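Asker: Below you will find the structure I want to go over with you.
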Amino acid sequence: CETKREDLGPLLKGDRPTITKYSLRFKEDMPYKSLCKLDLTETMADRFKASIVDDYYFEMMLDELPIWGYVGELETRAKSADVHDANATRYFLFTHLDFSIAYNGRHIIEVNVSADPLQRVDLAQSNARDVEFSYSVRWLSSDIDFSDRMSRYAQYSFLPQSFEIHWLSIVNSFVLVLLLTGFLSIILMRVLKNDFVRYSVAVEDDEDD
């Protein structure tokens, strides 16, 4: 993937955006398009399983609007008391994304993405090696003004929390720097005080001599 060049702000936040292979043309519906084919190795499958267990999600940007979606889903079936089911836990990787984009005139107002539950790959199956990722695009007309398109994102609870976490990190770093500076100042003052007392005694002895 091609890495997008960013300014200092995203770099300090740890963002490393890359340009994806999704091709979305304005007002052009696309019922189905293949994105890429992947030869899934055992190592890659294990990494996808770990991502699904940890509820990893992706974030994409379209016209400065964020899009979120989960990598896959975990399905746990109850084990039978008589039969030992080795595949009680199943890891499904989403392979098809459906983009729903609302527009008003020449402006994009809202972007949503959903995974097709019928197009997913069970990573526990032995034939889950050749995986094809695909996507579809639907454009919908909207009456929302362009100036109000960011209002719905204020309803997401995890957006203010993420901003709050960043501010708490900054405050914690600032307090830590102050504490370290204070401890260093105290140590230096004690050392300088001992040196001053020692030099003062030495000067007094010289004067007595």
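Readers should treat all values here as calculations from the given coordinates under stated rules, not as data from a laboratory. Quick caveat, the model's predicted, so the values are computed rather than measured. Virtual Cβ from ideal backbone geometry, glycine too; neighbours counted across all protein chains shown.
Asker: If I take R0 = 22 Å and measure r between the Cβ atoms of ARG129 and MET30 in this structure, what FRET efficiency does the formula 1/(1 + (r/R0)^6) give, to the nearest 0.05?
Answerer: For ARG129 and MET30, the calculated efficiency is 0.25.
Asker: How long is the gain from ASN194 to ALA88 if the chain were fully straight, where each residue apart is worth 0.36 nm and the alpha carbon distance is subtracted?
Answerer: Full extension from ASN194 to ALA88 adds 31.1 nm.
Asker: Assuming R0 = 22 Å, what is the FRET efficiency of TRP68 and LYS21, from their Cβ-Cβ distance, to the nearest 0.05?
Answerer: 0.75
Asker: Let me understand region 86-151 better: what is its radius of gyration from the alpha carbons, and its Dmax, in angstrom?
Answerer: According to the Cα coordinates of region 86-151, Rg and Dmax are 17.4, 54 Å.
Asker: Okay, moving on. Within the set of other residues whose C-beta is less than 12 Å from the C-beta of LYS33, count the net charge using Lys and Arg as +1 and Asp and Glu as -1.
Answerer: -2
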